[in-house]
Amino acid sequence: MAAAARAAAAQCLFGLVRRRAPPLPLLSSLPLPRRSGALAVRMASSDAQLGATVEVPGAAGPVRVVAAAGLPEVDFRKALDSALFRRWLENLQAERGLLAHGKLSLRQILIQGVDMFGQRVGFLKFKADIVDEETQSKIPGIVFARGPAVAVLVLLESKGQIYAVLTEQARVPIGKFILELPAGMLDDENGDFVGTAVREVEEETGIKLNLGDMVDLTALLDPATTGCRMLPSPGGCDEEIGLFLYRGHVDEETISALQGKETGLRDHGELIKLRVVPYDQLWRSTSDAKALSAIALYEMAKKEGVLPPSPPSSGSSLNL
């Protein structure tokens with residue numbers, strides 16, 4: 001089913017038009033060649049709002065996509081061709097997708113903003129007009145797309161006490177410093193969750209983990225209803241997180257060295273300080289949804305007896 005959805009999404013056809021008020025009728029959708037994996041486009045006159053049509057399997061007809069006033073043409077093009085936008089279209093057509101059963105229809109998409117991370121689209125903001133066919137009412141459709149991410153619950157045992165490693169860093173959207181799990185976004189479309197998890201822990205904490213000792217906690221979820229990912233805020237954001245567990249054994253000197261250590265990629269704006277918290281106090285110490293979700297999964301997995309055995313102490317020491 002997922003393969004079929006991806007194949008269907010790959011057939012989305014874009015034809016760019018310009019729109020005045022009142023809107024012009026949509027152009028007929030024509031097969032357009034693809035180049036270098038990007039969506040081919042055709043431009044009309046440049047004195048009106050930029051727009052496009054997209055054929056989405058499951059939709060009643062061609063769906064209009066328009067750019068918000070002031071959005072540069074180059075950003076609009078990048079938004080249409082971005083992995084974030086294409087992944088969202090695929091989700092609409094999946095088995096549990098909004099368009100899978102004909103009860104909802106997609107009428108229009110307004111691209112509002114694009115934030116570039118180097119050469120790729122990092123964040124995408126858009127509004128989708130999706131209508132309940134029975135009542136003709138719109139359902140909430142504002143989307144902040146940022147894509148998949150990972151977080152790691154790092155548990156270190158030292159002299160019979162288990163500690164969790166947290167990062168303390170500035171989070172501008174809430175205007176505060178918060179304690180949270182080491183985490184990061186996937187940088188590409190390869191879907192290497194575990195490799196990204198190991199890399200993010202090293203970047204944010206300086207700890208080099210053994211890839212083979214990582215446990216994917218979200219893989220224990222029911223794939224049919226969850227996709228084996230945690231969704232922290234699906235009412236407004238498409239982010240899906242893979243939660244991982246790492247268990248290691250360290251001496252007291254290592255715990256002391258980690259406490260208060262300043263880390264992070266400063267040239268990327270990461271101002272991070274490490275905090276080491278006794279695990280039995282972790283659930284009271286953070287408001288981070290990733291941490292609280294990881295605790296729940298870890299404790300339930302232990303209760304159900306589905307966790308892999310903890311690595312032996314001789315093979316799970318850390319490299320700092």
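When every Cα-Cα distance of the range 102-174 is counted in 5 angstrom steps from zero, the calculated P(r) takes the values 3, 11, 12, 13, 13, 11, 10, 9, 7, 5, 3, 2, 0 percent.
In plain terms, the chain from V172 to K273 could stretch by 34.8 nm, reckoned as 0.36 nm per residue minus the Cα-Cα distance. Give the lysines reachable from K127 as a straight Cα distance under 22 Å; neighbours fewer than 8 places away on the same chain don't count. Those lysines meeting the cut-off are K78, K103, K138.
Remark on the range 51-145: hydrodynamic radius 13.7 angstrom, per the Kirkwood mean of 1/r across alpha carbon pairs. Quick check: net charge around I174, other residues with Cβ under 12 Å of its Cβ, Lys/Arg +1 and Asp/Glu -1? Taking every Cβ under 12 Å from that of I174, the sum is 0. Taking a straight line from the alpha carbon of K302, these aspartates and glutamates sit under 20 Å away, with near neighbours fewer than eight places off in the same chain left out: E157, D213, D216, D222, D280.
Between L292 and Q119, the contour length at 0.36 nm per residue exceeds the alpha carbon distance by 58.9 nm.
Could you order H249, H101 so the one with the most accessible surface comes first? Probe is 1.4 Å. Mind showing how you got there, number by number?
Working: H249 50, H101 140 Å².
Ranked from most to least accessible, the order is H101, H249.
Placing W88, W283 in order of accessible area, with the largest value first and a 1.4 Å probe, yields W283, W88. Which of rounded, prolate or oblate describes the range 136-278 when judged by the alpha-carbon gyration tensor and an a/c cut-off of 1.5? Prolate is the answer for the range 136-278, as a/c is 1.5 or above and a/b outweighs b/c.
Comparing L166, G212, M185 along the charge dipole axis of the range 158-220, the residue lying farthest to the positive side is L166, per the Cβ-charge model.
The values are calculated or read from the model by the stated rules, or taken from the named source; none is laboratory data. Because the structure is a prediction, the values reported are computed rather than measured. Reconstructed Cβ throughout: ideal geometry from the backbone, glycine too, with neighbour counts over all protein chains shown. Heavy atoms of the whole protein, side chains included, go into the accessibility calculation; ligands, DNA and RNA do not. Shrake-Rupley method; radii C 1.70, N 1.55, O 1.52, S 1.80 Å.
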